[in-house]
Amino acid sequence: SINKLDMQLKDTADLVSTNSAYITKLQTYMGNFIEDFLPYGVSWDKGGTPTLTRTDFAEGMTAAIGIDDQVVTNNFDTAPIYREIHDVVDTLGNVFVRIPKFYIKKTDGVGSKTWSISKYKHQGFYLPWCFWDFTNSRELPYIDVGKYNASLNGTKLASVANTYPLINKNIVDFRGYAQANNAGGLLGYQQLDVHVVDVLRTLFFIEFGTLNSQAIMKGYTEGQYTATHLATATETGANRIVVANAHADLYRVGQAISVGTTQGGNQIFYGRTITGITVVDESNKAVEFDGDPVDIATGNFLYNTGWKSGFSSNITASSGCIGANDGKYPCSYRGIENPFGSVWQFVDGVNITDNQAWVCKDAGQYASNVFASPYEKLSYVNCNTNGYGPVETGFDSNLPFAEFATNVTGGSTSKHYCDYYYQASGSRIARFGGYWLNGLPAGLSCWGLNGTSSDASIYVGGRLVRKPL
């Protein structure tokens with residue numbers, strides 16, 4: 001870019017003195033160049049308050065989210081990197097949010113932690129490994145992140161609207177489904193990994209100037225999954241389930257629900273959308289749903305499940321939520337639906353054994369339960385207790401993308417990193433973000449490092465990612 005600027009200066013030098021149009025053009029070019037070249041950052045004093053101080057070119061900037069069609073002012077919408085984030089569709093019909101290549105710098109010291117991003121590499125900045133082609137040893141211009149929670153199209157992981165999240169599969173299944181897209185000359189498909197999470201968290205922290213992501217957007221985190229939410233009537237060929245008033249009042253039109261003969265069993269159906277909640281009698285209300293009619297029996301279980309994809313089309317702002325920002329509805333960050341909440345997301349490239357995390361840089365070599373090369377051991381050991389916060393995260397200067405809790409003592413939902421940290425001894429994998437029932441523990445610093453590679457659940461899903469290989 002500097003060489004390009006020099007060439008333009010030489011080409012226009014003889015015209016600048018006499019042509020005001022060239023002067024204006026040069027001033028504009030210089031302004032854009034400086035704006036693109038300089039980093040944007042935040043700093044934190046590691047105190048209880050999760051609010052960050054804006055640094056570098058981010059000083060004085062403000063950011064806001066919108067609910068539904070609300071129009072807001074967000075300075076980052078016109079800032080480098082952020083303004084270049086946009087939707088794309090691949091040849092298979094998957095919808096991605098394309099994030100342009102950028103560099104990250106982090107520092108971590110006593111009483112101070114910083115994050116900075118830049119379109120250009122400055123001293124101390126690193127390139128997230130999701131922007132690297134390991135086969136051809138070259139930087140990649142962007143990463144495509146699934147716009148929607150992953151669904152399944154045959155044997156291939158998909159990112160399409162109007163689907164409910166794929167669940168009840170383990171991390172190995174998700175990895176295989178994602179890689180199944182690498183056929184017919186297509187390459188670069190994988191599931192969400194630790195490097196993409198690093199990119200998203202860093203972008204969010206700098207844009208909104210806080211570690212408390214739920215202070216900005218609650219996400220779909222206040223749903224229902226309670227064994228007492230039972231049908232109080234038997235109906236044949238119904239598009240409703242009748243439950244007690246107190247239970248029905250906890251649900252909202254637009255939420256996803258499922259019904260089973262056991263809690264979470266989905267035997268009656270998985271994934272319908274609530275279309276209405278109406279009075280039946282003085283004690284009961286009907287939770288109405290779309291789709292084909294079903295037979296409901298007294299004692300069937302009603303519960304929420306992951307939100308149906310595509311809701312972000314109703315959000316006007318670059319980031320925001322639908323309905324209300326109260327935990328009952330989902331959120332979208334720069335077009336990426338449910339960056340946290342709705343369903344947990346499997347995160348590849350991380351394996352943990354007895355709280356010691358190992359990480360891998362190359363998505364082509366991801367495998368579970370590997371604690372040797374190509375995985376690398378972090379220089380610190382994760383905290384061995386569950387808790388809010390985290391109050392402190394580990395920092396390996398050689399592997400700065402991986403930041404897991406090392407201390408949760410004194411943490412809460414409103415201090416430090418604010419979200420919850422889950423762990424367990426033994427061989428573990430990583431899940432991220434929390435789900436519809438987590439409430440305040442969910443968020444962009446919520447890590448579930450307590451699951452195994454064989455675990456599959458109604459509340460865990462994933463996300464498709466694509467590198468431009």
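Only residues that are open to solvent by less than 20 Å² (accessible area, probe 1.4 Å) and either among the polar types (S, T, N, Q) or in contact with a helix residue (DSSP H, G or I) (Cβ under 8 Å, 6 or more places away or on another chain) (or both) were counted in the stretch 255-284, giving 2. Screening Gly66 on (1) under 24 Å from Lys101 (Cβ atoms); (2) open to solvent by less than 50 Å² (accessible area, probe 1.4 Å); (3) not aliphatic (A, V, I, L, M) shows it passes everything except condition (1). For the stretch 97-132, the candidate set comprises residues that are within 26 Å of Tyr189 (Cα to Cα), out of contact with any Phe, Trp or Tyr (no Cβ under 7 Å at 6 or more places or on another chain) and in a strand (DSSP E or B); within that set, the residue that is least open to solvent (accessible area, probe 1.4 Å) is Val97. Of all residues assigned to the stretch 436-443, none qualifies as being modelled with pLDDT of 95 or more, part of a strand (DSSP E or B), closer than 27 Å to Ile143 by Cβ and open to solvent by less than 10 Å² (accessible area, probe 1.4 Å). When only residues in the stretch 228-253 that are open to solvent by 70 Å² or more (accessible area, probe 1.4 Å) and among the β-branched types (Val, Ile, Thr) count, which is farthest from Asp326 (Cα to Cα)? That would be Thr236.
When each of Ile81, Ile85, Ile34 is tested for being farther than 21 Å from Arg201 by Cα and either touching a Lys or Arg at 6+ places or on another chain (Cβ under 8 Å) or modelled with pLDDT under 95 (or both), the lone residue that passes is Ile34. Of the residues making up the stretch 69-96, those that are open to solvent by 50 Å² or more (accessible area, probe 1.4 Å) and either more than 16 Å from Ser332 (Cβ to Cβ) or not in a strand (DSSP E or B) (or both) are Asp69, Gln70, Val71, Thr73, Asn75, Asp77, Thr78, Arg83, Glu84, Val89, Thr91, Leu92. Taking the criterion of being β-branched (Val, Ile, Thr), in a loop (DSSP other than H, G, I, E, B) and open to solvent by less than 30 Å² (accessible area, probe 1.4 Å), the only residue of the stretch 159-193 that qualifies is Ile167.
Give Phe346, Phe311 a once-over and let me know the one that is under 30 Å from Gln365 (Cβ atoms) and either open to solvent by less than 20 Å² (accessible area, probe 1.4 Å) or touching a Cys at 6+ places or on another chain (Cβ under 6 Å) (or both).
Phe346
One residue stands out in the stretch 315-343 among those that are among the polar types (S, T, N, Q) and open to solvent by 20 Å² or more (accessible area, probe 1.4 Å): the one that is farthest from Gly434 (Cα to Cα), namely Thr316. Pairing each residue of the stretch 168-197 that is more than 13 Å from Gly364 (Cα to Cα) with any residue that is modelled with pLDDT under 95 and open to solvent by 60 Å² or more (accessible area, probe 1.4 Å), provided the two are 6+ apart or on different chains, yields no C-beta distance under 9 Å.
So for the stretch 427-435 (the condition being farther than 19 Å from Leu166 by Cβ, open to solvent by 40 Å² or more (accessible area, probe 1.4 Å) and either part of a loop (DSSP other than H, G, I, E, B) or in contact with an Asp or Glu (Cβ under 8 Å, 6 or more places away or on another chain) (or both)), does at least one residue qualify?
For the stretch 427-435, residues farther than 19 Å from Leu166 by Cβ, open to solvent by 40 Å² or more (accessible area, probe 1.4 Å) and either part of a loop (DSSP other than H, G, I, E, B) or in contact with an Asp or Glu (Cβ under 8 Å, 6 or more places away or on another chain) (or both): absent.
Selection over the stretch 151-161 of residues that are farther than 17 Å from Ile336 by Cβ and touching a strand residue (DSSP E or B) at 6+ places or on another chain (Cβ under 9 Å) gives a count of 2.
The values are calculated or read from the model by the stated rules, or taken from the named source; none is laboratory data. This is a predicted model, so every value here is computed, not measured. Because the Cβ atoms are built from the backbone with ideal geometry, glycine has one as well, and the counts that use them run over all protein chains shown. Accessible surface areas use protein heavy atoms only, side chains included; no ligands, DNA or RNA. Shrake-Rupley method; radii C 1.70, N 1.55, O 1.52, S 1.80 Å.
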